[in-house]
Amino acid sequence: MNPILVIGGTSIVGRQVLSQLVGKGAPVRAMTRNPDTCDLPPQVEVVRGDLTLRETLDGCLDGIDAVFLVWTAPAAAAAPALERIARHARRIVFLSAPLKTPHPFFQQPNPVRALAEQIERLIESSRLQWTYLRPGMFAANALRWWAPQIRSGEVVRWPYLSVPTAPIDERDIAAVAVRALCEDGHAGAEYVITGPQSLSQFEQVSTIGRAIGRPLRIEEISPDEAIRDGIPSVPAFVVKVLLDAWASAIGQPAHVTSTVAEVTGIPARTFLNWAADHATEFRA
Ligand SMILES: NC(=O)c1ccc[n+]([C@@H]2O[C@H](COP(=O)([O-])OP(=O)(O)OC[C@H]3O[C@@H](n4cnc5c(N)ncnc54)[C@H](OP(=O)(O)O)[C@@H]3O)[C@@H](O)[C@H]2O)c1
């Protein structure tokens, strides 16, 4: 079997895809801009590549049959990079978003959505055999957004606390990805992947409190305060994307699918399960 290339191997989902492929004994290669600091398992062949530097891609793609693509690079790099990928690979699994799901949360026009649509157009105009993963909100966002406040014992101050999402565990997204990378029968599939429950953001923070055995103080702030204060690890333009999505979904249950169970045979993990497995990262 040729190695599978994970582009974005150091990302939240990419790391899980790599570790599950290693667990299956599949040969895997990870592309990163920083091989010296990427901290990936020893079974992974690590290669240096940058999606914005097309000349770095051929070496990474040499001998590859299937690619898992995580894209957070600038849009201008997409066409040349996809052209290189299509030259080498036969199959691509792209980490996209629920672009076609008719729930207001997923239907706000914004630059993140436009970029995913652009990449899908490029993939579909190539000869690549594709599968799209369309996950909703990652459970792991909680580590970026709330862990700093929770660890320091501060009040968790957050906008749109009543708005629900269905957070999805990165291990479950990866499990679907691994099926699509390793098995036939997933070409042309668009997997909308969510966690098993619609939970308000208030309930999600409270669930973390249960997981770490400490009730948390939670306080609603206005969208303007969120813009003024920012969100940890989130660029300002993405803060606006998030605020618009939450505002659109007030009063609506989150969209919930059973895709993880249908594709893998194992139901998606609950947010409580995710939080319990990450409890140490929320403790001081
Ligand atoms: N967060 C959510 O709730 C959510 C929901 C649905 C969809 N998504 C989508 O999921 C994707 C991943 O988001 P994320 O926040 O999980 O990403 P992330 O963990 O921050 O990882 C970003 C990855 O992109 C790689 N990367 C960035 N620029 C690169 C470049 N120029 N060349 C090569 N690699 C580059 C990084 O690799 P190195 O730094 O190692 O080079 C890293 O592995 C995004 O497309 C996002 O829109 C996210």
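The values are calculated or read from the model by the stated rules, or taken from the named source; none is laboratory data. Since the structure is predicted, the reported quantities are computational estimates derived from the model, not experimental observations. Note that we place each Cβ from the backbone using ideal geometry, even for glycine, and neighbour counts take in every protein chain shown.
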Scan of region 27-38 for residues that are away from the ligand (no atom under 13 Å from the Cβ) and either of a type outside the set (V, I, T) or touching a residue at least 40 places away in the same chain (Cβ under 8 Å) (or both), ordered by number: P27, R29
Being within 16 Å of the chain's Cα centre (by Cα) and β-branched (V, I, T) is the filter; apply it to region 93-118 and report the residue that is farthest from P164 (Cα to Cα). V93
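Scan region 1-10 residue by residue and report those that are away from the ligand (no atom under 12 Å from the Cβ) and either acidic (D, E) or surrounded by 20 or more Cβ atoms within 10 Å (Cβ to Cβ) (or both).
Within region 1-10, the subset away from the ligand (no atom under 12 Å from the Cβ) is 1-4.
Once the filter is applied, which keeps residues that are away from the ligand (no atom under 12 Å from the Cβ) and either acidic (D, E) or surrounded by 20 or more Cβ atoms within 10 Å (Cβ to Cβ) (or both), region 1-10 yields only I4.
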The one condition in (1) over 16 Å from A147 (Cα atoms); (2) over 19 Å from the mean Cα position of the chain (by Cα); (3) buried (at least 20 other Cβ atoms within 10 Å of the Cβ) that I227 fails to fulfil: (3)
Considering only region 81-130, how many residues are touching an Asp or Glu at 6+ places or on another chain (Cβ under 8 Å), at pLDDT 95 or above, not in a helix (DSSP H, G or I) and not aliphatic (A, V, I, L, M)? 7
Given P27, P35, P42, P74, which one is farther than 21 Å from E190 by Cα, at pLDDT 95 or above and under 20 Å from the mean Cα position of the chain (by Cα)? P74
Going residue by residue through region 49-67, is there one that turns out to be under 16 Å from the mean Cα position of the chain (by Cα), within 11 Å of the ligand (Cβ to nearest atom) and surrounded by 18 or more Cβ atoms within 10 Å (Cβ to Cβ)? no
Of R171, R144, R134, R214, the only residue that is part of a loop (DSSP other than H, G, I, E, B) and at negative phi is R214
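Any residue that is near the ligand (Cβ under 9 Å from one of its atoms), assigned to a strand (DSSP E or B) and either within 17 Å of L133 (Cα to Cα) or free of Cβ contacts under 8 Å to residues at least 40 places away in the same chain (or both) - is there at least one of those in region 11-26?
There is no residue in region 11-26 that is near the ligand (Cβ under 9 Å from one of its atoms), assigned to a strand (DSSP E or B) and either within 17 Å of L133 (Cα to Cα) or free of Cβ contacts under 8 Å to residues at least 40 places away in the same chain (or both).
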Under 8 Å by Cβ, and 6 or more places apart or on different chains, what pairs join a residue from region 112-140 that is over 19 Å from K240 (Cα atoms) with one that is of a type in the set (D, E) and in a strand (DSSP E or B)? T131/E190; Y132/E190; R134/E190
Can you confirm whether region 166-180 contains a residue that is in contact with a Pro (Cβ under 6 Å, 6 or more places away or on another chain) and under 18 Å from I266 (Cβ atoms)? yes
For V93, are the conditions met, namely being over 27 Å from D184 (Cα atoms), surrounded by 18 or more Cβ atoms within 10 Å (Cβ to Cβ) and of a type outside the set (G, A, S)? no
In the set R151, R157, R171, the lone residue that is within 16 Å of the chain's Cα centre (by Cα), surrounded by fewer than 23 Cβ atoms within 10 Å (Cβ to Cβ) and closer than 23 Å to I212 by Cβ is R171
